[in-house]
Amino acid sequence: MAGFALDPEQEQWCERLRALAAERLGPLAGKGEPGRVNRPLLAALGEHGLLERIFSAGALELCLLRESLAYGCTEAETALALQGLGAHPVLRAGSAAQRERWLPGVRAGRTVAAFALSEPGAGSDAAALALAAEPDGGGAGGRGKGAHGGGAGGGWRLTGEKRWISNAPEADFYTVFARTGEGPGAKGVSAFLVPADRPGLTGEPLDMLSPHAIGSLTFDGVPVGPKDLLGEPGRGFRVAMETLNLFRPSVGAFAVGMARAALDATVAHTAHRSAFGGVLGDLQAVAHRVAEMATRTEAARLLVYAAAGAYDADSASPDVPGRAAMAKLLATETAQYVVDHAVQLHGAVALQRGHLLEHLYREVRAPRIYEGASEVQRTIIARSLYGRAAGVAR
C-alpha cells in the first residue's frame, strides 16, 4: 500500500464488492424487517465467502471490505461486522472445542453472533460493567450431566443485565463480559461464550433508530463453567479491547463508505440540477462545500488505512489504540458532516423515505456512539499522547 494508494488488484476487488452489495445484497436487505436479524442476508454473505474473509483478513482488508459494502448496502456491511465483532473473541481466545462448535456456522451465515459488553450503567466506560459472575461451587455443568460446560473446577452464575446489544435477542450465542472479581476494575472481568438457550437467559428487543436488531439481555443466575470461558479468568477485558482495537478502524471504514456514497450522489446531483440559469455546481458556495466534503472524506479514508496498516504491522504496539481511536473519531465525525451537507444540497427530496440520503442520514449517527463514543476516542488519544510523553521524560 505504497503512499496509502490501493494497488490495481485491491481497487478491482473493492469495485466488485460495491457491485455485489448494490446488485445482490441490497435487494435482500430491502426484504428484511427493520429491527430484526436478516438471516437470508447473512446466508448470502456466507455464500459469497465474505464472512470467511473477516476471520482471515488483516485490518486493512477488513477496512476495504466494510467500506465497499457500506457504499452499496449499509445493511450488508452491518450484518457482516456484527458477525465479526461477536465471533472474533471466539477466534482469538476460544478453545479448539468452542471454535469447532460455533465458527463454521458463523462463517456460513447460519449462526448469529453477538458482542455483549454494554450495560445500562456501563456503556462507554466498559471497565465499570456490573454483570456479576458469582462462584457456583457445583460448576455450571456439575448439576446433572454437565450440559452447560462446567467442570470439576466449579463455575459461575451470571446475574444482571446487558443493554444495547446488536443482534439481541435473536443471536444464537453471545460473547459476554462479566465481573468475576479477580481484581478491581478491568482486572476482574472475564469473557464467556453463552449460548442463547442457556437457562436463565432472556432478552427483549429495543425500538432503536437502527435497521438491525438491538436488544437487552437479562441474566437470572445463568450457569457458565470453565468450558465457557474465552481465555483466562480475569483477562476478559483484554479480550474485549483486542477485539475493539481491530474493529475500531473498520468502523471508520464503514463511515468512509457512507461518506463516499453521499459525496458521489451530491456531485452527480449538483452537476445536473438546474438552478439560477445554470446548474448548482456552478455556484461557488455549492462547489466549495462539495470540495470540503471531498477533502474531509479523503483525509478520513487515509487515516483509516494508516491505522489499519499500523495494526497489521504490529497489533501489540502501544500506538495501535491511539491510532484506532483517531481513525474512528475522524471518520465517523466526517461522515456525519458529509451526509448532513449532502442532504442540504439535495433539498427536500433527500428527506423522502427510500432516498439514499434519507437512509444514510439515519445510519450515520450511531457510529459516533458505539464501540466507544467520540468523547471516549478523544480520551484514548490523549492518554496515548501523554503516556508517550511521560515515557520520553523518564
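Quick one: is S374 in contact with a Pro (Cβ under 8 Å, 6 or more places away or on another chain) and in contact (Cβ under 8 Å) with a residue 40 or more places away in the chain?
No; evaluated as a whole, the condition is false for this residue.
Among residues of region 38-66 that are in the same structural domain as Y311 (by TED's automatic domain parsing), none has a beta-carbon under 6 Å from a residue that is outside any helix (DSSP H, G or I) at least six positions away or on a different chain. State which residue is nearest to A29 (Cα to Cα) when the search covers only region 197-213 and only residues that are surrounded by 18 or more Cβ atoms within 10 Å (Cβ to Cβ) and modelled with pLDDT of 95 or more. Taking the candidates together, the pick is G203. Only residues that are over 17 Å from H346 (Cβ atoms) and either in contact with a helix residue (DSSP H, G or I) (Cβ under 9 Å, 6 or more places away or on another chain) or among the charged types (D, E, K, R) (or both) were counted across region 278-296, and they come to 1. Scanning region 38-59 for residues that are part of a loop (DSSP other than H, G, I, E, B) and modelled with pLDDT of 95 or more turns up N38, H48, G49. Would region 284-300 turn up any residue that is among the hydrophobic types (A, V, I, L, M, F, W, C) and assigned to a loop (DSSP other than H, G, I, E, B)? No, because not a single residue in region 284-300 is among the hydrophobic types (A, V, I, L, M, F, W, C) and assigned to a loop (DSSP other than H, G, I, E, B).
Residue check: is A285 of a type in the set (A, V, I, L, M) and loosely packed, with under 13 Cβ neighbours inside 10 Å?
Here the answer is yes, as A285 does meet what is asked.
The values are calculated or read from the model by the stated rules, or taken from the named source; none is laboratory data. Just so it is clear, the structure is predicted and the values come from calculations on it, not from any experiment. Glycine also receives a Cβ, built like all others from the backbone with ideal geometry; neighbour counts cover every protein chain displayed.
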